[in-house]
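Encoded as structure tokens, the structure appears first; notes follow it.
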Amino acid sequence: MGSQYRDQAFIEQVCAKILEIRKKKGIVQEDLVDRTGFHLKQIGNIEKGISNTSISNLAQIARALQVHPKELLDFDFELPKYPPTRKERKRK
């Protein structure tokens, strides 16, 4: 997949949230390995933002951390300012 589809800043925010929750709960990476079935290297790559992990993997990590998946996405997110939609432009 091309780099134009990879939002590294977003990935890093998700990773930071995973790490924050894991540490707050006193869970070590090896516990995530036991609870998810992922390899230790995979967990490390996710937490470092190296891996652009799937939505299914995020769900599994949320289960392992015993949090709702929305908690992994609970951070500031800037929305772009787009011009009006085609439908809105046609009304004018």
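Where a number appears in this text, it was derived from the coordinates with a stated rule and is not lab data. Just so it is clear, the structure is predicted and the values come from calculations on it, not from any experiment. As a convention, Cβ positions derive from the backbone with ideal geometry for all residues, glycine included, and neighbour counts pool all protein chains shown.
Here are a few things to note about the model shown:
- Highest-MSF residue in the chain out of Gln66, Gln29, Gln13 [GNM, Cα springs under 10 Å]: Gln66
- Using just its DSSP H runs of length 4 or more, each adding -39500 (n - 2.57), the chain gives a mean residue ellipticity at 222 nm of -16500 deg cm²/dmol after division by all residues.
- Scanning the chain for long hydrophobic helices, with DSSP H runs required to stretch 20 angstrom or more by C-alpha along their axis and to average at least -1.0 on the Kyte-Doolittle scale, returns 8-24.
- Positive minus negative residues near Ile27 (Lys, Arg vs Asp, Glu; Cβ under 13 Å): +1
- Ranked by the mean number of other Cβ atoms within 10 Å of their residues, highest first, the peptides 83-89, 4-10, 67-73 come out as 67-73, 4-10, 83-89.
- Mean projected area in nm² (Cα convex hull; one quarter of hull surface) for the chain: 7.9 nm²
- Top positive-direction residue, dipole computed over segment 7-73 with Cβ charges, set His68, Gln13, Gln29: His68
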